[in-house]
1. Go through region 266-278 and count every residue that is within 15 Å of the chain's Cα centre (by Cα) and either within 16 Å of ligand 1 (Cβ to nearest atom) or buried (at least 24 other Cβ atoms within 10 Å of the Cβ) (or both).
2. Name the residues in region 337-361 that are touching an Asp or Glu at 6+ places or on another chain (Cβ under 9 Å), surrounded by 17 or more Cβ atoms within 10 Å (Cβ to Cβ) and charged (D, E, K, R), would you?
3. For region 413-433, which positions are more than 11 Å from ligand 2 (Cβ to nearest atom) and among the small types (G, A, S)?
4. Which condition breaks for A442 when tested against (1) within 16 Å of ligand 2 (Cβ to nearest atom); (2) touching a strand residue (DSSP E or B) at 6+ places or on another chain (Cβ under 8 Å)?
5. Looking at G364, G417 in this structure, which one is farther than 30 Å from E17 by Cα and touching a Ser or Thr at 6+ places or on another chain (Cβ under 6 Å)?
6. Within region 405-436, track down each residue that is within 25 Å of R12 (Cβ to Cβ) and among the aliphatic types (A, V, I, L, M).
7. When you go through (1) buried (at least 21 other Cβ atoms within 10 Å of the Cβ); (2) touching a strand residue (DSSP E or B) at 6+ places or on another chain (Cβ under 8 Å) one by one for G416, which number turns out not to apply?
8. Going residue by residue through region 121-139, is there one that turns out to be among the aromatic types (F, W, Y), away from ligand 1 (no atom under 16 Å from the Cβ) and part of a loop (DSSP other than H, G, I, E, B)?
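The values are calculated or read from the model by the stated rules, or taken from the named source; none is laboratory data. The shown structure was predicted, so the numbers you read here are calculated from the model rather than taken from an experiment. Here the Cβ positions follow ideal geometry from the backbone for every residue, glycine too, while neighbour counts run over all protein chains shown.
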Amino acid sequence: MNVKPEELIYHRKNAWEQVNEETKQQILNLSEGYKQFLSNCKTERACVRQIINMAQMRGFLPINQCQSVEAGDKVIISSKGKVVALAVIGQQGLDEGISLIGSHTDAPRLDLKPHPLYQEHDLALFKTHYYGGIKKYQWLAIPLALHGVIYKADGQVVDVSIGDRPNDPVFTITDLLPHLAKDQMVKKLTEAVEGEQLNILIGGIPLSGGGKDKAVKLNVLKLLFENYGITEEDFISAELELVPAGPAHDVGLDRSMIGAYGQDDRVCVFTSLQAILEINNPKRTAVALFIDKEEIGSNGNTGMMGRFLQNAVSEIGIRMYQSFNEFTLYRVFEKSIALSADVTAAMDPNYEGVMEKMNAARLGGGVVVTKYTGAKGKYHTNDANAEYVAFIRKMLNQHNIIWQTGELGKVDQGGGGTIAYIIAELGFEVIDCGVPLLSMHAPMEIASKADVYECYKAYKNFFMA
Ligand code: MN
Ligand code: MN
């Protein structure tokens with residue numbers, strides 16, 4: 001063997017160094033579409049609506065309109081307006097397994113409580129309960145938009161979206177002025193802002209003759225009734241979410257990055273959506289799954305712990321075979337491969353101490369493959385099988401995709417999880433594969449445009465593998 005020892009070394013790549021002008025243009029084109037998606041889809045419901053719209057424009061049909069399905073068919077399966085799967089039927093039977101890419105549409109936010117509206121010191125406010133893992137102080141003194149649905153007593157639904165159109169008002173949570181923050185400033189970061197202080201400023205004009213202690217609240221109720229026909233009790237059957245207001249931005253003088261709310265995990269939602277919209281005649285049946293509730297532990301009937309995926313694949317199965325039952329379904333899963341499409345932490349120059357530099361993902365280093373997440377000794381992770389890591393590695397290299405490995409921080413620093421372990425429990429081979437982020441879960445998260453592009457390429461080739 002005539003190998004120079006130098007050649008045996010693994011070299012980390014920078015995606016920007018590998019691209020030519022033509023690819024650079026493709027990267028920029030994709031990121032324009034991505035920014036638009038982020039700006040228009042601030043909630044899980046909005047994502048699902050947009051995914052279904054885009055799929056229908058590309059010829060996907062709702063599965064209940066299909067008597068049977070065959071190779072090449074493109075179908076939509078959705079549930080409760082909050083979860084959706086797109087499938088392209090493969091040339092092989094389901095018994096050879098499917099290829100699944102699962103991402104999540106929900107993102108950390110502030111939800112209104114069932115009784116949100118109150119008045120204090122001549123101001124009207126909304127009470128909230130935060131959703132997912134947030135650092136509370138990050139949500140103060142920034143513009144917020146309100147999105148969601150209200151189901152009225154008669155069952156009629158009202159769609160609410162305030163704060164993201166150019167002339168809309170926005171909302172905010174006040175922060176304490178530094179002049180008076182002497183006591184607050186010595187508190188621990190986890191205690192400096194309490195959950196019950198995340199109250200949204202929504203009004204200040206009293207209704208004339210409304211009474212001293214409730215005139216401002218009454219004026220808000222009057223406005224809500226005039227604009228939406230709702231009463232205070234209607235908040236009980238509402239899902240209203242406060243999210244950072246405003247569109248996605250280019251970041252940096254070189255515009256190499258995107259800064260926006262909700263990139264965990266809408267970056268993987270968008271890239272896997274784009275991938276499945278563009279493929280034709282895959283070998284295995286390709287399924288892009290867009291799930292909800294990941295940020296609160298995947299519980300609920302629209303979360304990964306629910307039965308949506310099982311039902312969705314069964315909907316396809318019963319349209320392909322004479323008999324298709326639960327055992328057949330799990331035999332399909334046993335032969336199936338999956339990517340848990342989720343973001344991971346990128347090395348942050350300001351906080352390098354929480355990462356282990358040999359194994360941390362870098363912004364611009366390409367799509368990230370993460371064998372395990374978890375915490376405290378790989379607890380709560382499926383820890384992908386080496387055989388499957390080898391399969392993914394080969395697929396990525398074959399298609400000249402710039403990729404890297406990652407892990408969620410150095411050992412015993414903290415950790416986290418994705419939907420990978422739940423997919424693994426069904427029998428799939430599965431590994432985490434997605435985009436590295438800076439400021440994950442912050443109101444503005446940062447991704448590299450090059451990584452978004454490599455992720456999209458990886459997903460597309462995975463479906464066609
Ligand atoms: Mn995520
Ligand atoms: Mn997350």
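1. Going residue by residue through region 266-278, those that are within 15 Å of the chain's Cα centre (by Cα) are 266-274.
Keeping just the survivors that are either within 16 Å of ligand 1 (Cβ to nearest atom) or buried (at least 24 other Cβ atoms within 10 Å of the Cβ) (or both) gives 266-273.
Qualifying residue count, region 266-278: 8.
2. In the first step, residues of region 337-361 are kept if they are touching an Asp or Glu at 6+ places or on another chain (Cβ under 9 Å); the result is 337-346, 354-356, 359-361.
Filter once more, keeping what is surrounded by 17 or more Cβ atoms within 10 Å (Cβ to Cβ): 337-346, 355, 360-361.
Across region 337-361, the qualifying residue is only D342.
3. So in region 413-433, the residues more than 11 Å from ligand 2 (Cβ to nearest atom) come out as 413-415, 420-433.
Within region 413-433, G414, G415, A420, A424, G427 meet the criteria.
4. In the conditions (1) within 16 Å of ligand 2 (Cβ to nearest atom); (2) touching a strand residue (DSSP E or B) at 6+ places or on another chain (Cβ under 8 Å), A442 misses (2) alone.
5. Working: G364 fails: farther than 30 Å from E17 by Cα.
Result: G417 is the single residue among G364, G417 that is farther than 30 Å from E17 by Cα and touching a Ser or Thr at 6+ places or on another chain (Cβ under 6 Å).
6. Of the residues in region 405-436, the ones within 25 Å of R12 (Cβ to Cβ) are 405-416, 418, 420, 430-436.
Listed by number, the residues that qualify are L408, V411, A420, V430, I431, V435.
7. (1)
8. Among the residues of region 121-139, not one is among the aromatic types (F, W, Y), away from ligand 1 (no atom under 16 Å from the Cβ) and part of a loop (DSSP other than H, G, I, E, B), which makes the answer no.
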